[in-house]
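Input: a single structure, listed below in structure tokens.
The values are calculated or read from the model by the stated rules, or taken from the named source; none is laboratory data. Note that the coordinates shown come from a computational prediction; the quantities given were computed from them, not determined experimentally. Cβ placement follows ideal geometry from the backbone for every residue including glycine, while neighbour counts extend to all protein chains displayed. Keep in mind that these areas ignore ligands, DNA and RNA; they rest on the heavy atoms of the full protein, side chains included. Shrake-Rupley method; radii C 1.70, N 1.55, O 1.52, S 1.80 Å.
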Amino acid sequence: MTLAYMRLEMVRLLRDPGYLVMSLISPLLMYLVFTNLDLGGQGDGKAALYSMVGMAGFGAVGAVMGNGVSIAEDKPLGWIRQLRLLPLGPVQVVAGRALCAMAVTLPPILSVCLSGAVVNGVSLGIGQWAAVIGLLWLGIAPMAALGIGLGYLLTAQQAQMAGLVCYMGLSLLGGLWFPISEFPGWLAHIAQATPINRYGELSWRAGDGHGPTLLGTVVLAAWAAAFVAFAAYGFRCSTRTAV
């Protein structure tokens, strides 16, 4: 039943043209513009890697936040009422929808990474490329759960505004655009506590040939647990209010 639900949601998501603009075209264009303006330090291999991972992550965040908006748009259409008829618990629904949203993050991740290799000469071993791309995909799961929770709890307009704030605000604060080493000390400490910074850290370290840090893994796991609980709560609330 869960797999059938996931297939259904995937078909519905891929019919949304907004996903193409939000998750694929926008981050790819931003990456190319930033690096051609030398804001990403394209002459520096390490800076080019940082910018590539940051913009790929930025596109992934946009994709999962857009998923929350589509959920909010579904509620007036009666989709929540239909889900109540299925033998699926809140966690199953959240997990299924999160996996669907994560699948849509692959195009921006792959396109930006391909541009990094072709345009900016990012050179990694096969294992490093696999680790960078794999962690960019797996690490977005907490943000996918956050987007789902916002979609179930808010109206479409509210979810769009909240998603935009999370998309832009957390991406900037988390260091996807610029290294947090350039932040004031107090702000850098705050940034290190965000899920976005720890998400990007996974692939930045993998690109440098290092494994995840214990602290980073714990912080990201804690945010993941909190966001899954939030999304499950949102689903319960939406099914109670659905008529």
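Among 175-185, 58-68, the peptide with the highest mean count of other Cβ atoms within 10 Å heads the list, and the full ranking is 58-68, 175-185. With the highest mean first, a sort of the peptides 198-207, 101-110 on other beta-carbon atoms found within 10 angstrom per residue produces 198-207, 101-110. With 0.36 nm allotted per residue and the present C-alpha distance subtracted, the Thr155-Ala221 stretch has 21.0 nm of extension available. Rounded to a whole number, what % of the accessible area of segment 91-243 do carbon and sulfur atoms account for, probe 1.4 Å? Answer for segment 91-243: carbon and sulfur cover 73 percent of the accessible area.
If packing is taken as the average number of other Cβ atoms within 10 Å across a peptide's residues, how do 136-143, 212-219 rank, most packed first?
Output ranking for 136-143, 212-219: 136-143, 212-219.
Per residue, how much accessible area does segment 145-240 show when a 1.4 Å probe rolls over the protein heavy atoms, in square angstrom?
I get 47 Å² per residue for segment 145-240.
Tell me, in nm to one decimal, what length is gained between Trp186 and Asp208 on full extension, where the rule is 0.36 nm per residue of separation less the Cα-Cα distance?
Answer, rounded to one decimal: 5.3 nm.
If you take the beta carbon distance between Leu32 and Cys237 as r and set R0 to 30 Å, what does 1/(1 + (r/R0)^6) give as a FRET efficiency, to the nearest 0.05? Result of the calculation: an efficiency of 0.15.
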